[in-house]
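Everything on this sheet refers to the single structure shown next.
The values are calculated or read from the model by the stated rules, or taken from the named source; none is laboratory data. Source: prediction; values computed, not measured. Here the Cβ is made from the backbone with ideal geometry for all residues, glycine too, and neighbour counts use every protein chain on show.
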Amino acid sequence: MSWELHRVTIVGGGMMGRSLATKVAQEGIHVYLKEVSAEAVESAQMALERSLDHSIERFALTGSEKKAILSRITWVTHFDCATDSDLALEAVQEDFGLKRQILRELDRRMPPEHPIVLTTSTLSITELAAQNNSPERIVGMHFLYPVTTTRVVEVVRGQLTSEQVYERAIDFARLLGKIPIKVFEMPGFVTTRLLLPLINEAMHVVMEGVAEAAEVDLAMKMGFEFRIGPLEWADRTGLDRVLNWMQHLHQESGEPRFRPCPLLKRLVRAGLHGTKSGRGFFEYDENGRRTDRLPDDKPGLG
Amino acid sequence: MKILVLNSGSSSVKFQIIETDLERMNAHQDLTLAVGLVEKIGLSDSRLLLEVPDRKAYQDYREILEHRTAIEWVLRILVDPEHGILDSVEEIGAVGHRVVHGGEAFASSVLITPEVVDNIEACSVLAPLHNPPNLRGYHAAHAAMPDIPHIAVFDTAFHQTMPAHAFLYGIPFQLYKKHHLRKYGFHGTSHRFVTFRGCQILDWKREDKRLISVHLGNGCSLAAVDHAKSIDTSMGFTPLEGLIMGTRSGDMDPAIVPWLLAMEELTLHQVNTMLNKHSGLYGVSGVSSDMREIIEARSGGHARADVAFRMFCYRLKKYIAGYAAAMGGVDAVFFTGGIGQRSPEVREASLEGLEFMGIELHRDRNAAASGDEAEISTDASHVRVLVVPTNEEKTIARDVIRVLNGIMPEFTPPETIT
């Protein structure tokens, strides 16, 4: 890496924050993981331990590696840790006001050339950056679901992002073990912009009665090597979120091709939000496993 | 001559200062003047440890971000008036570097030139975790001491004498040509030292004898050394092959890997760490990767520790007998490494029943041998069995002398099949 990275602040101990903190700590770098309160720290800490234990059960980690990872993560409830951080990353929910506030706290404390990474799929990092003292050190990253296993991250260049900060963000993405996709800020970037219309079209196919949902997914999985079909992907992401994104893309671009499928709206209105509510295009148990039999259930080996 | 021996890992640098020359080598009187390490390179609390015989160990902590500053720190401490052992850095006559993988390019130790650096870099694809930090250590040491010779000593070099029927795998030949997929073997520096020293103790010429060197440490391997040449060894393309080790599986049916990938839906990374870090003594026993704890647990009646122990010794026994067959007989077996030197239980169980091929262990001698050089076979045993402590750093220092004096054993190109 061209510049030295020794301490990283990660704001938000949710699923994404924990997963990124684990990876950074695994690379031998110290992490400050910031949560809002002592209680939030405690529950995030427990969740992190659980996921590390799960990795051990799956042979991905050893007990001593778990100890090393935990020893490199310092849990904090205050932003002062940012003063000696070489990079900060926020991983809180998609809320403009909240992100803007966090950005202000970080911007005030960190030396001006140290990058601040915003994770967002829909918000404008240029708009968020514009209100800061050093808008050129602000850069975006869009991680795909699930954060732990997906190889790709979109690294987002805002209007004011400096070349140096952008290069450092690319380095950081590689350190996280991801393949960086370089994108300029524009609604949907590459991945969302291409995937959403595909999902939307799949919903149209179902709505028009061309094929059943399971058949649509099976066709795409078997025909194009999709790991999961587009409709199950929508269920797992949350149909409400998919609808939000579609509406956002539609509004920002004004393009009719991003108009959300009426079936999607109907399901969301009916409270069928996908995996988390037990039903969307398919049905799920409380552990998120599909309960309807898949037509392509694993053939097995014998 | 005072030689700095460096073993550079990804986040640590181990070093020794060894005083040796041709006379000392022949008299087995090389002097280890200092032993030390810098660990946690890249972190703010890197630690330097320096141990000098008859002195209290010295340690210090500071932020060391890369190998270059680590080696500068080492040199500074070595000449420190209070804690050091040298008057000036100029006293160091040469540097010996441990390099893990020399591929098919290196069959002996060499003076490092820009061309050699390129070749070591090319071998990195075979040892992506080891060769790059080895090279970083070299670059750092060369920057600090540009005017003295630097010599590379490879873990794989000693085994380059293996014939093709021993080093090829029974897979399509084009994979060997395309990816250099073959058995390389490791611990070469140790097997070379142990067979050399073992013969010295017995007053034998290594060139006349058929020897088996058994290195049982964190990693475990053995080598068949026939008339001073390694003709087979148990580790393979990677250190995973062969004996059961602390956390590595050793030999198994390769079909298990694709089967697990499908049935357990494991990723490549997970299968890899499963075989390297969750298997072996630890994985079978569920107790420990440490042989001492396995032995303790099994004497307390722990069934899985007991079976892990038996698996370990059973496989080793098959390899010993197999290598004797490969050489048409065996004159001596040498045990080394932490387990090999200190575990009479393992030595006894792995040689038990080999009386048919002339191996007779002396129970009391075996039980008494706990680390130092010792003969542990009976006087009547056709095959001599010895404990020979390994010393890889000393071998590296000696190789520096051999290379500088132009007496590195003749390079014998291995058989080439096209």
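Of note:
- Selection within the range B:85-103 - touching a residue at least 12 places away in the same chain (Cβ under 8 Å) and either outside the structural domain of B:SER10 (by TED's automatic domain parsing) or part of a loop (DSSP other than H, G, I, E, B) (or both): B:ILE85, B:LEU86, B:VAL100, B:HIS101, B:GLY102, B:GLY103
- Residues (assigned to a helix (DSSP H, G or I) and free of Cβ contacts under 8 Å to residues at least 40 places away in the same chain) located in the range A:181-200: A:LEU194, A:LEU195, A:LEU198
- Within the range B:251-295, being at the interface with chain A (Cβ under 10 Å from one of its Cβ atoms), assigned to a helix (DSSP H, G or I) and either touching a Gly at 6+ places or on another chain (Cβ under 7 Å) or among the basic types (Lys, Arg) (or both) holds for B:LYS277, B:TYR282.
- Qualifying residue in the range A:146-157 (condition: over 30 Å from A:HIS54 (Cα atoms) and outside the structural domain of A:GLU232 (by TED's automatic domain parsing)): yes
- Check on A:PHE226, within 21 Å of A:GLN93 (Cβ to Cβ) and not in a helix (DSSP H, G or I): no
- For A:SER121: the one exception among (1) at pLDDT 90 or above; (2) within 18 Å of the chain's Cα centre (by Cα): (1)
- For A:VAL147: the one exception among (1) in a loop (DSSP other than H, G, I, E, B); (2) surrounded by 18 or more Cβ atoms within 10 Å (Cβ to Cβ); (3) modelled with pLDDT of 90 or more: (3)
- Taken as a whole, the condition of being out of contact with any helix residue (DSSP H, G or I) (no Cβ under 8 Å at 6 or more places or on another chain), within 14 Å of chain B (Cβ to nearest Cβ), in contact (Cβ under 8 Å) with a residue 12 or more places away in the chain and not aliphatic (A, V, I, L, M) does not apply to A:GLY12.
- The residues on offer are B:ARG298, B:ARG315, B:ARG304, B:ARG248, and the sole one that is over 17 Å from B:ARG347 (Cα atoms), assigned to a helix (DSSP H, G or I) and charged (D, E, K, R) is B:ARG304.
- Against the conditions (1) under 21 Å from B:GLY219 (Cβ atoms); (2) buried (at least 17 other Cβ atoms within 10 Å of the Cβ), B:HIS362 satisfies every one except (1).
- Residue that is under 19 Å from A:SER121 (Cβ atoms), under 14 Å from the mean Cα position of the chain (by Cα) and not in a loop (DSSP other than H, G, I, E, B), where the choices are A:VAL139, A:VAL155: A:VAL155
- Tabulated pairs, the range A:275-302, first farther than 19 Å from A:MET203 by Cβ, second modelled with pLDDT under 90 and outside any loop (DSSP other than H, G, I, E, B), C-beta under 8 angstrom, 6+ apart or interchain: A:LEU301/B:ALA262; A:LEU301/B:MET263
- Filtering the range B:363-400 to residues that are among the aliphatic types (A, V, I, L, M), within 17 Å of B:GLN341 (Cβ to Cβ) and in a loop (DSSP other than H, G, I, E, B) leaves B:ALA369, B:ILE376, B:VAL388.
- Within the range B:340-359, the residues that satisfy the criterion of being in contact with a Leu (Cβ under 8 Å, 6 or more places away or on another chain) and either within 15 Å of B:ASP372 (Cβ to Cβ) or not assigned by TED's automatic domain parsing to the domain that holds B:MET311 (or both) are B:GLY340, B:SER343, B:ARG347.
- Check on B:HIS28, at pLDDT 95 or above and either under 23 Å from B:ILE401 (Cα atoms) or hydroxyl-bearing (Ser, Thr, Tyr) (or both): no
- Only residues that are in contact with a strand residue (DSSP E or B) (Cβ under 7 Å, 6 or more places away or on another chain) and at positive phi were counted in the range B:329-373, giving 3.
- The set of residues in the range B:228-266 being among the polar types (S, T, N, Q), surrounded by fewer than 21 Cβ atoms within 10 Å (Cβ to Cβ) and under 12 Å from B:GLY185 (Cβ atoms) consists of B:THR238 alone.
- Any chance A:SER51 is of a type in the set (Gly, Ala, Ser) and more than 14 Å from chain B (Cβ to nearest Cβ): yes
- Residue match in the range A:93-107 (condition: more than 22 Å from A:ILE181 (Cβ to Cβ), of a type in the set (Gly, Ala, Ser) and without any contact (Cβ under 8 Å) to a residue 24 or more places away in the chain): yes
- Total residues in the range B:155-179, condition under 14 Å from B:SER230 (Cα atoms) and of a type in the set (A, V, I, L, M, F, W, C): 6
- For the range A:248-287, a residue qualifies if it is of a type outside the set (Lys, Arg), loosely packed, with under 15 Cβ neighbours inside 10 Å and part of a helix (DSSP H, G or I), and the qualifying residues are A:GLN251, A:GLU252, A:SER253, A:PRO256, A:PRO262.
- When the range B:161-215 is limited to residues that are among the aromatic types (Phe, Trp, Tyr) and under 15 Å from B:THR416 (Cβ atoms), the one that is surrounded by the most Cβ atoms within 10 Å (Cβ to Cβ) turns out to be B:PHE167.
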